[in-house]
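Please read the structure below before turning to the comments.
Please treat every number below as a calculation from the coordinates, not as lab data. Since this is a predicted model, take the numbers as computed values, not measurements. FYI the Cβ positions are ideal-geometry reconstructions off the backbone, even for glycines, and counts take in every protein chain you see.
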Amino acid sequence: MNKVLFIAATLLIFALSGCATKTAPKATDTLPTTSSATTTDDSISQPKASTSAIEGAEITDRGGKSLAEMGIAIEPVYFNYDSFLLSDASKASLVNTSQVFLQNPALKAIVAGHCDDRGSEMYNIALGEKRALSVKNYLTTLGVEADRLEVVSYGEEKPAVSGFDEEARALNRRVEFM
């Protein structure tokens with residue numbers, strides 16, 4: 001009996017004293033609220049995306065038409081490094097986006113958050129979700145029904161452009177509509 005207790009205690013101590021690891025934040029632990037998600041960060045410069053970065057958008061209405069087929073363009077929203085705060089330029093862009101949704105009541109979209117290549121996989125998934133939620137929350141304050149917008153995060157898995165310079169990374173820190 002003492003042997004079993006000794007082994008169990010040893011295993012417990014071994015398990016608890018394992019190597020220190022960096023734990024990634026849980027996406028649900030640090031979700032932005034509407035007020036903090038819409039805080040202005042005026043230092044965000046909006047990179048100029050080529051039309052090829054936007055052409056792949058697959059937003060469709062119930063008739064199955066893509067936005068390109070409907071003659072509608074929705075710009076991605078860009079973010080500073082390690083941030084999910086909306087700039088004034090982003091908010092102005094989202095006002096235009098809200099008008100697209102308000103003029104097309106059957107339109108639903110996936111709000112997809114993306115990150116650049118820096119940071120751990122789990123951290124970037126959480127940050128991408130925060131970015132997508134910032135955009136969704138702001139659109140709902142502009143009158144778009146929340147149930148028309150589904151949030152997803154791709155982290156760094158679907159870059160808009162390849163490259164490791166700041167210009168490429170700036171284009172990858174974004175939210176797109178699909």
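Overview of values
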item	result
Residues located in region 77-118, provided they are surrounded by 16 or more Cβ atoms within 10 Å (Cβ to Cβ) and of a type in the set (Phe, Trp, Tyr)	Tyr78, Phe79, Phe84, Phe101
Qualifying positions in region 159-178 - exposed (fewer than 13 other Cβ atoms within 10 Å of the Cβ) and either of a type in the set (Val, Ile, Thr) or touching a residue at least 24 places away in the same chain (Cβ under 8 Å) (or both)	Phe164, Glu167
Selected residue (criterion: farthest from the chain's Cα centre (by Cα)) from residues of region 110-149 that are small (Gly, Ala, Ser) and farther than 15 Å from Val175 by Cβ	Gly143
Any hit, region 118-140, residues being in contact with a helix residue (DSSP H, G or I) (Cβ under 6 Å, 6 or more places away or on another chain), not in a helix (DSSP H, G or I) and not β-branched (Val, Ile, Thr)	no
